[in-house]
Amino acid sequence: MPEPSRVGPLLSRHLGDRRFLLMLPRALGVQVLDPVIAAALAEHAPSRLWEHKKRTVNQMIYMAHMDRDMAAVIRNGHEHVKGVGDDGARYHALNPEVFLFQHATYVESLLTAAAIFGPPIPESERVQFYRECCDWYRGYGISDRALPRSLPDFAEYFESACAERLRLTPAGEVLAAQVLRPDAWLARNLPAAAVRAMQHERVAELLGVRVGRADRVALRTVAAGVRLGFAGAPGRIRRVPQARIARMSGHL
């Protein structure tokens, strides 16, 4: 049985920060191009992708801050997520390979959010940050056999997975428009140009998104505004409500 989860202080600083939520279009862009994840999303959230993610990501953040076993919650919440993909192969959300890759999209987006929106992760803290990310994943009770053991290993795993796993399926094509034009939650406030600029290079390639100078300028402008606005903001503004609730409840 996995140990009760208690998110580490470095991971909590970033996972519980609203700036991570602004980078979710990047994570979702990768997810909808994974054939298995896209098939599951198309079946369970075909037209309200961002409402679905608002619910599931908030739950993910809250569970990460709990100090009790997450494994049963994960099993109960994902057991029904199964079906047949566009290639005729059966899929299940609890498949360790699929679960790890979806988790990896959030870790990679956390790192990207920190680099673009802040707060930055100092080089001296990056090893510990990734160690806490690994502990977070192990709390799910899913096999960690393929979990990269270091941050360089993770970067290699993620880029390799994006090169080998991602392709545009009919399900992904339906979902892609929602990714690029968020219609709910914090991401709906982002300019479309900034959303395009934050996409992973492989995602932009597969979706035929041409990221131009104006897009990159839009993202830099948003980032500058976010960094300035968050510099002196109180915790109730900076923190995701689910992380604050967990803290007030004594979970962290």
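The values are calculated or read from the model by the stated rules, or taken from the named source; none is laboratory data. Because the structure is a prediction, the values reported are computed rather than measured. Because the Cβ atoms are built from the backbone with ideal geometry, glycine has one as well, and the counts that use them run over all protein chains shown. Please note that ligands, DNA and RNA were not included when accessible areas were found on the heavy atoms of the full protein model with its side chains. Shrake-Rupley method; radii C 1.70, N 1.55, O 1.52, S 1.80 Å.
Identify all residues within region 122-144 that are modelled with pLDDT of 95 or more, assigned to a helix (DSSP H, G or I) and not β-branched (Val, Ile, Thr); write none if there are none.
The answer is 123, 124, 125, 126, 128, 129, 130, 131, 132, 133, 134.
Could you tell me whether any residue of region 164-182 is modelled with pLDDT of 95 or more and over 20 Å from residue 203 (Cβ atoms)?
No: region 164-182 contains no residue that is modelled with pLDDT of 95 or more and over 20 Å from residue 203 (Cβ atoms).
Can you name every residue in region 201-233 that is modelled with pLDDT of 95 or more, of a type in the set (A, V, I, L, M, F, W, C) and exposed (fewer than 15 other Cβ atoms within 10 Å of the Cβ)?
214, 217, 224, 228
What are the pairs, 6+ residues apart or on separate chains, where a residue within region 206-226 that is without any contact (Cβ under 8 Å) to a residue 60 or more places away in the chain and under 22 Å from residue 28 (Cβ atoms) has its Cβ under 8 Å from a residue that is β-branched (Val, Ile, Thr) and open to solvent by less than 80 Å² (accessible area, probe 1.4 Å)?
209/203
Say we look at region 160-175 and pick out the residues that are among the charged types (D, E, K, R) and free of Cβ contacts under 8 Å to residues at least 40 places away in the same chain; which of these is surrounded by the fewest Cβ atoms within 10 Å (Cβ to Cβ)?
At the first step, the residues of region 160-175 found to be among the charged types (D, E, K, R) are 164-165, 167, 173.
Narrowing the set further to residues that are free of Cβ contacts under 8 Å to residues at least 40 places away in the same chain leaves 164, 173.
Values: 164: 8, 173: 14.
Once the filter is applied, the top-ranked residue is 164.
Sort out for me the helices (runs of 4 or more DSSP H) sitting completely within region 145-252 that have 1 or more residues that are closer than 30 Å to residue 67 by Cα. I'd like the intermediate steps shown before the answer.
On the way: elements: 151-165, 170-180, 192-197, 201-207, 213-231, 235-238, 241-248.
The helices (runs of 4 or more DSSP H) meeting that bar are 151-165, 213-231, 235-238, 241-248.
Name every residue in region 14-62 that is surrounded by fewer than 18 Cβ atoms within 10 Å (Cβ to Cβ), part of a helix (DSSP H, G or I) and polar (S, T, N, Q), in order of residue number.
Answer for region 14-62, where residues must be surrounded by fewer than 18 Cβ atoms within 10 Å (Cβ to Cβ), part of a helix (DSSP H, G or I) and polar (S, T, N, Q): 56, 58, 59.
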